[in-house]
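The values are calculated or read from the model by the stated rules, or taken from the named source; none is laboratory data. None of these values were measured; they are calculated from a predicted model. Here the Cβ positions follow ideal geometry from the backbone for every residue, glycine too, while neighbour counts run over all protein chains shown. With ligands, DNA and RNA removed, areas are computed over all heavy atoms of the protein, side chains included. Shrake-Rupley method; radii C 1.70, N 1.55, O 1.52, S 1.80 Å.
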Amino acid sequence: MAIIEVKDAAFSYDGKRMIFEHVGLQAAEGEILCIIGPNGCGKSTLIDCMLGLNKLKAGQIFISGREAEALTPREFAEQVAYVPQGHRTTFAYTVLDIVTMGRTYASRTFAPPGKEQRKIAREALKQVGLSGFEDREYTRLSGGELQLVMIARAIAQQSRLLIMDEPTAHLDFTHELNVMEVITRLVKEQGLSIIMATHFLNQAYYLENAGANTRVALMNDGGLAMTGTPSQVLTQENLEQNFCIITEIVESEFGERKYILPLRNKRSL
Amino acid sequence: MKGGEQREHNFIKGAVLLILPLIFFMAAICIGRYSIRVEDVFKSFWMAVTGMDTGVDPKTYAVVVGIRFQRAVQGLLVGAALASSGACFQSLFRNPLVSSGMLGVSNGAGFGAALAILLFQNMVMTSVFAFGFGVAAVVLAYLTGKISGGTPTITLVLGGTIIQSIFSALLSLLKYVADPYSQLPAITFWLMGSLASTRMEELALSFVPMAAGMTGMMLFRWRLNVLSMGDREAKTLGIHVGLNKGMIISFATLATAGAVCISGVIGWVGLVVPHMCRMIIGSNNKWLIPASISIGACFMVFVDTICRTITGAEIPLGIVTAIVGGPFFIYLLKKTKGKSW
């Protein structure tokens, strides 16, 4: 059964201009769904709809077969964890405090999360390679470390589905790879499902080449243009049509990785 | 092993936070123009509770039981209420510059008090009006913030600012029409804040909202952490954002309105004491709220003791809080190098 299913979804902020219409998507257990598309095509809006932050104008979203709107925040958090794009830090909580917040839904109403929950949080930190960071102030982490902390918080939630909005925006190569490796492991080893919006199209190829079960949903012109495996969707013709760029799909020397080499804009200025 | 150490550490923290206000409380009763020995304080209390004659000087007894006890209790409560609601609002609005008066409670209370002074010239009515208008101001600010649907932080803050300025304009109007020889000084004095002229019944009445508010904030303090992650994240972490925000705002407002209605507008405590606590104990609301309650209580009692001892006439609280608190804050800032921001 699909862990999340979006049926004929439409959304508009002002009731006049539709951001997207007739979007149908699903993600199965142990599958990564990369949502890609040019700026302004509605990726983040769609993600907000999936998270229940935006209310659909038409269509439905099902989480594990139940209508998402009918779920309480607690039930929702049990099923779906969210990794935000660019978390804005405020007060100097410790890293462990932040990750433990992933256990919010599992704690009793007024009791702060206890020992058991902190243990799960420590475990999650270990998974993203941040053991030893527990007592650091999270306001003093680098952008890459902070992103890993956000992922650890989502892992601590122990939900079956992770929704990530551009998980590697603003990260350097090292941290980007780090995040991609963590994602691959979560999907391959633990069978989690992941939905991620991304601008880095090569990440879809990375995940495919790493052996994770990957699909790409290409959004454009107020709707879903196509879905399929990275090799099916990310072709020269499709990229030219949807992103207006001339590209070459290249393979690394030992066939380990496929990647897109952007050459130039279609309408050269 | 580590868990055991942690627990011991937490125990010590909790004990210090509990004992500190008691020390300040005792000191406040002992210190004054008429100084009293600690044993006489205990004797007076014993006499008051059991009715047994402990041989304490009747004058001492009168000062301890009749005057200073009530005043020290009021100081503890008011300081604790203001500081903890300030801490709550800072976390809720994700803004370190916010204080307990953010949603207009102080301005509303100020207007209510002034109105009561003009209409009734009666202390109890002044407290009742201050409380009522304080709460009303927050309700208005909350509804203003809700106009755009949901309660996003930015519209709440805007709503608070708008309501604050409306009430301060109305207050100016009342000051303008007040009798300059009797009513205006009363209004001005009320606005500067004081613990001096509260009666026991008023204190007993205002105890209810302050205690209820602080209890609520203590219960919600973990959720406050989660809410300080912002609405989107709090929701996806499994919290009903609107409901929890509403509850926390209600509790903080009850506590602040309860404090302001008997003590007048006391600035600074609800803004800076939470920051002092952040520097000492960290930002986790699990500890920040109890620490704010404890340190806020100590700070207020300390400042009030200065107010009534340093000169023959009383100095209004609002003046001394800043004069005493400012240097102490700078000292802490230097000592901790602004850790925890």
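Details
- Distance between the modelled labels on B:Ile154 and B:Met125, one decimal in nanometres: 4.5 nm (7 Å Cα→Cβ projection).
- With K and R counted +1 and D and E -1, the other residues having a Cβ less than 10 Å from that of B:Tyr34 yield a net charge of +3.
- Estimated FRET transfer efficiency (A:Asp221, A:Met1; beta-carbon r; R0 25 Å; 0.05): 0.20
- Rounded FRET efficiency, nearest 0.05, which uses the C-beta distance separating A:Thr174 from B:His9 and R0 of 60 Å: 0.95
- Set of lysines with alpha-carbon distance to B:Lys59 below 17 Å, sequence-local pairs under 8 removed: B:Lys43
- Å² of accessible area per residue within region A:4-234, as computed with a 1.4 Å probe and no ligands counted: 40
- Unsatisfied cross-links (Cα-Cα over 27 Å) in the set A:Lys43/B:Lys235; B:Lys245/B:Lys334; A:Lys126/B:Lys13; A:Lys55/A:Lys115: B:Lys245/B:Lys334; A:Lys126/B:Lys13; A:Lys55/A:Lys115
- Here the 3J(HN,Hα) profile of region B:176-185, calculated from phi with Karplus coefficients 6.51, -1.76 and 1.60 at θ = phi - 60°, is 5, 8, 5, 5, x, 9, 10, 6, 4, x Hz, Gly and Pro shown as x.
- Förster radius 35 Å - calculated FRET efficiency between B:Ile330 and B:Thr188, Cβ distance, rounded to 0.05: 0.75
- Cross-link reach list, aspartates and glutamates versus A:Lys258, counting only Cα pairs under 15 Å and skipping chain neighbours closer than eight places: A:Glu208, A:Glu248
- A:Glu251 - accessible surface, heavy atoms, 1.4 Å probe, Å² rounded to 10: 110
- Relative contact order for region A:4-234: 29 percent, from Cα pairs under 8 Å spaced at least 6 residues apart, divided by residue count.
- 10 Å Cβ shell holding at most 12 others, DSSP loop, trypsin sites (Lys or Arg not before Pro): longest site-free stretch of chain B: B:38-336
- C-alpha center-to-center spacing [region B:267-341, region B:110-144] in angstrom: 26
- Neighbours of B:Asn285, meaning other residues whose beta-carbon lies under 9 angstrom from its beta-carbon, give a summed charge of +3 when Lys and Arg score +1 and Asp and Glu score -1.
- Each Lys or Arg adds one and each Asp or Glu subtracts one; over the other residues with Cβ under 13 Å from the Cβ of B:Glu314, this totals +2.
- For B:Tyr142, the accessible surface of its heavy atoms amounts to roughly 50 Å² (probe 1.4 Å, protein chains only, rounded to the nearest 10).
- Among A:Tyr205, B:Tyr34, the order of accessible area from largest down is B:Tyr34, A:Tyr205, computed with a 1.4 Å probe on protein heavy atoms.
- Long-range amide H partners of A:Asn220 with built H, under 5 Å: A:Ala225
- The amide H of A:Ile195, built 1.01 Å from its N in the peptide plane, has A:Leu33, A:Leu162, A:Ile163, A:Met164 as neighbours under 5 Å, considering only residues 5 or more places off or on other chains.
- Extension gain for B:Arg37 to B:Leu18 (0.36 nm times residue separation, less C-alpha to C-alpha distance): 4.6 nm.
- Sequence of A:His22, B:His275, A:His170 from largest to smallest accessible area, 1.4 Å probe: A:His170, A:His22, B:His275
- For region A:186-247 versus region B:164-219, the gap between their alpha-carbon centres in whole angstrom: 62
- The GluC sites (Glu not before Pro) of region A:1-59 include none that DSSP puts in a loop with a beta carbon having at most 10 other beta carbons within 10 Å.
- Per-residue extension of 0.36 nm, minus the Cα-Cα distance of A:Lys57 and A:Arg74, leaves a gain of 3.7 nm for this segment.
- With a cut-off of 18 Å on the backbone N, the residues of region A:67-81 near the modelled label site 7 Å out from A:Glu29 along Cα-Cβ are A:78-81.
- The figure for A:His87 is an accessible area of roughly 20 square angstrom, using a 1.4 Å probe on the protein chains alone.
- Spatial separation of Cα centroids for region B:25-96 and region A:19-58, in angstrom: 60
- Expressed as a whole percent, the accessible surface of region A:4-234 that belongs to carbon and sulfur atoms is 46, based on a 1.4 Å probe.
- Label separation (B:Tyr181 vs A:Asp14): 6.3 nm, computed from points 7 Å beyond Cα along the C-beta direction.
- Residue-averaged 222 nm ellipticity for chain B, from DSSP H runs of 4+ at -39500 (n - 2.57), nearest 500: -25500 deg cm²/dmol
- Under 20 Å from A:Lys119, Cα to Cα: lysines that are on another chain or at least 8 residues apart: B:Lys2, B:Lys286
- With each label modelled as a point 7 angstrom along the Cα→C-beta vector, the B:Ala48-A:Glu248 pair spans 9.0 nm.
- Accessible-area loss of 50 Å² or more (1.4 Å probe, protein heavy atoms, chain alone versus all protein chains) is found in region A:68-87 for A:Pro73, A:Tyr82.
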